[in-house]
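**Q** Pasting in a structure now, in structure tokens, and then I'll have a few things to ask.
Values in this text are rule-based calculations from the coordinates and carry no lab data. Remember, it's a predicted structure, so these values are computed and weren't measured experimentally. Every residue, glycine among them, receives a Cβ derived from its backbone with ideal geometry; neighbour counts consider all protein chains shown.
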Amino acid sequence: MSQKRQDILSTAERLFYEYGFRGIGLKQIIQEANVATMTLYNHFESKDNLVEAVLKQRESRYWHYLDTYVEKQPHQPFISAVKAHCQWLNDHSYKGDMFMRAIEDYANTDNEIENIARGHKQKLLNYLEQLANNAGIVNGLDLAIQFTLLLEGTTSMTALLGSKKATSHAITMADLLLNEAHKEI
């Protein structure tokens, strides 16, 4: 990836996260990324294409966090996933969930942005269901939904409690969910 493209993506992600997708125009992104208008359009056909690329890049980084944590502690995949999510919140998500914001901002617009954001949420649910199935959990989908709700709630509560306290509570809740799930095995 060219440095200019990366500069545009990084600047756009920061601005979209700070001000929302609708609150930022391409002019401000061009100015803050210190690129020419044509440079932006050489890399992205439209603002929607830029938003799509930002979401895909952010999702890739998120999955790197999750996969890295879970691979390091494969004997505790759910706790590792919660810790990874919480570390992500600490490092990248002080103002909520960019994917939920995309779903809200682009709801019912029948475009790729909403599909990417919804796909991210579905991929998380599928990932957690696979962890449950691999662990021999009887109702793997139910546990995956519970953990997805836990992670989504932790994202929301980080803004109120801070990441350290939200993480502590999330891990406690994860342990409770796992203990209950293992009773059913």
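**Q** With contacts defined as alpha carbon pairs under 8 Å and 6 or more residues apart, what's the relative contact order of the stretch 1-44 in percent?
**A** On the way: 22 pairs, mean separation 20.0, N = 44.
Once normalised by length, the contact order is 46 percent.
**Q** From the phi angles alone, apply the Karplus equation (6.51, -1.76, 1.60; θ = phi - 60°) to the stretch 133-142 and give each ³J(HN,Hα) in whole Hz, x where the residue is Gly or Pro.
**A** 4, 5, 8, x, 5, 4, 9, x, 5, 4
**Q** Something else now. Work out from phi, with θ = phi - 60° and the Karplus expression 6.51 cos²θ - 1.76 cosθ + 1.60, the ³J(HN,Hα) of each residue of the stretch 80-90, listed in order in whole Hz, and give x for Gly and Pro.
**A** The phi angles translate into 4, 5, 5, 4, 4, 4, 5, 5, 4, 4, 4 Hz.
**Q** By how many degrees, between 0 and 90 and to the nearest 10, does the Cα long axis of helix 47-72 differ from the longest principal axis of the chain?
**A** That works out to roughly 30 degrees.
**Q** Can you give the Rg/Rh ratio of the chain, where Rg is from the C-alpha atoms and Rh is the Kirkwood radius? Working shown, then result.
**A** Values: Rg = 18.1 Å, Rh = 17.6 Å.
We get a ratio of 1.03 for the chain.
**Q** Strictly over 22 Å apart at the Cα level, which of K27/K121; K47/K123; K95/K121 would you flag in this model? Before the final figure, lay out the partial values.
**A** Numbers: K27/K121 30 Å; K47/K123 25 Å; K95/K121 18 Å.
Those over the limit are K27/K121; K47/K123.
**Q** Give the longest segment of the chain that steers clear of trypsin sites (Lys or Arg not before Pro) in DSSP loops with at most 16 neighbouring Cβ atoms within 10 Å, not counting the sites themselves. Before the final figure, lay out each step's value.
**A** Working: sites that count: R22, K95.
That would be 96-185.
**Q** If you don't mind, another one. List the aspartates and glutamates whose Cα lies under 14 Å from the Cα of K83, skipping any in the same chain that are fewer than 8 positions away.
**A** Straight-distance partners of K83: D67, E71, D91, E152, D175.
**Q** Looking at the square roots a ≥ b ≥ c of the eigenvalues of the Cα gyration tensor of the stretch 13-58, which shape do they give, rounded for a/c under 1.5, prolate if a/b is larger than b/c, or oblate? Before the final figure, lay out the partial values.
**A** On the way: a/c = 1.76, a/b = 1.21, b/c = 1.46.
Cα axes put the stretch 13-58 in the oblate bin.
**Q** For the stretch 165-178, take each phi angle, set θ = phi - 60°, evaluate the Karplus expression 6.51 cos²θ - 1.76 cosθ + 1.60, and give the result in whole Hz per residue in order, putting x for glycine and proline.
**A** Going residue by residue, I get 5, 4, 4, 4, 5, 5, 5, 4, 5, 4, 4, 4, 4, 5 Hz, with x marking Gly and Pro.
**Q** May I ask you to sort V35, V138 by Cβ crowding, counting other Cβ atoms within 10 Å and putting the fewest first? Don't skip to the answer; put the middle values down first.
**A** On the way: V35 18, V138 13.
By the 10 Å Cβ count, ascending: V138, V35.
**Q** Right, another one. State the Cα centre-to-centre distance between the stretch 83-133 and the stretch 142-161 in whole Å.
**A** Distance between centres, Cα-based: 11 Å.
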